[in-house]
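Below is one structure, written out as structure tokens; the observations come after it.
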Amino acid sequence: MVLYGNRAYEDALLELKNTAEACGFVSLAAGAFIGEHSFSGKEYIIARNRPDKADLAKAFAFGQKMAELLESIQTLREISPLTVPGQFPYKEAVARAPMDFIQVTDDCDGCGVCIPVCPENAVDEANRYASRSDRCIYCCACIKTCPAGARIMKEGFLKGIAKMLSENCSARKEPETFFASR
């Protein structure tokens, strides 16, 4: 299962399926669900409040259907290989240059809420809670959790991407699910 921000999940399901199968797992089902994009914020909205109740109902139905599939078979040999969208070989990963895109405004009161939410420990408490661009993965968790609204995207490339995504990826997309057949 993958979660994406309402733009595209590209080869994510295929990569996940291939990786799992290379480790000896058998893929029975896959799903691509939508979550609020990490660049979504006050200024640019991208899949805000997703997953919502409708998404969660579809996730529940996905789990039920997977359970029914498992209960209907005696061995894994009874099912056909799972087919999911994607292209192999995968696109080459593009090396990201560090970008200093988060500004800490004077509204920062030093509460430190931003520190534990950063998955890369990129918030530098000793440097007025500035983000270390050599560690930042652009997840924006620190921006979203700042109670003072003191962490914002600076004008520049990534804010331009957020604007473009808001303009072009705001139409609601629905979760997609895939199941192996008997």
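Read-outs: derived from the displayed coordinates by stated rules, not from any lab. Everything numeric in this text was worked out from a predicted model, so none of it was measured. With ideal geometry, Cβ positions are generated from the backbone for all residues, glycine too; neighbour counts draw on all protein chains shown.
What's the local net charge at His37, with K and R +1, D and E -1, over the other residues with C-beta under 15 Å away?
+3
Classify the range 64-182 as rounded, prolate or oblate, taking a ≥ b ≥ c as the square roots of the eigenvalues of its Cα gyration tensor: rounded when a/c is under 1.5, otherwise prolate if a/b is larger than b/c and oblate if not.
prolate
Return, in residue-number order, each cysteine of the chain whose C-beta is not under 4.7 Å from any other cysteine's C-beta.
Unpaired cysteines in the chain: Cys23, Cys108, Cys111, Cys118, Cys136, Cys139, Cys140, Cys146, Cys169.
Mean-square fluctuation check for the chain, GNM, Cα pairs under 10 Å: which of Ala171, Ala148, Ala126 is largest?
Ala126
Enumerate lysine pairs in the chain that are 8 or more residues apart or on different chains, then count those whose Cα atoms are under 24 Å apart.
23
So how long is each side of the range 1-83 along the principal axes, counting just the alpha-carbon atoms, biggest first, in Å?
Projected onto the principal axes, the Cα atoms of the range 1-83 cover 52, 27, 16 Å.
How big is the dipole moment of the range 102-153 about its Cα centre under a simple scheme where the beta carbon of each Lys and Arg is +1, that of each Asp and Glu is -1, and everything else is neutral? Debye, nearest 20, please.
Rounded to the nearest 20 debye, it is 140 debye.
Using DSSP to call loops (not H, G, I, E or B), can you name the GluC sites (Glu not before Pro) in the range 56-103 whose Cβ has at most 15 other Cβ atoms within 10 angstrom?
Filter output for the range 56-103: Glu92.
If you stretched the chain out fully between Ala171 and Asp52, how much longer would it get, using 0.36 nm times the residue separation minus the C-alpha to C-alpha distance?
Full-extension gain reported as 41.4 nm.
Nearest 10 degrees is fine. How inclined is helix 53-71 to the longest principal axis of the chain, computing both from alpha carbons?
Between helix and principal axis, roughly 30 degrees.
Quick one: if you stick a label point 7 Å off each Cα along the C-beta vector at Ile137 and Val94, how many nm between them?
That separation, rounded to one decimal, is 1.9 nm.
For the chain, take the longest principal axis of its alpha carbons; what is the angle in degrees between that and the long axis of helix 12-22, to the nearest 10 within 0 to 90?
Once rounded, the angle reads 60 degrees.
Over the chain, what is the relative contact order in percent, taking alpha-carbon pairs closer than 8 angstrom and at least six residues apart?
Once divided by the residue count of the chain, the mean separation gives 31 percent.
Can you tell me the 0 to 90 degree angle between the C-alpha axis of helix 157-168 and the longest principal axis of the chain, rounded to 10?
Once rounded, one gets 50 degrees.
Net charge near Gln87, counting Lys/Arg +1 and Asp/Glu -1 over other residues with Cβ under 11 Å of its Cβ?
-2
Using a 10 angstrom cutoff on alpha carbons, build the Gaussian network for the chain and name the most mobile of Lys91, Lys154, Lys17.
Looking only at Lys91, Lys154, Lys17, the largest GNM fluctuation is found for Lys91.
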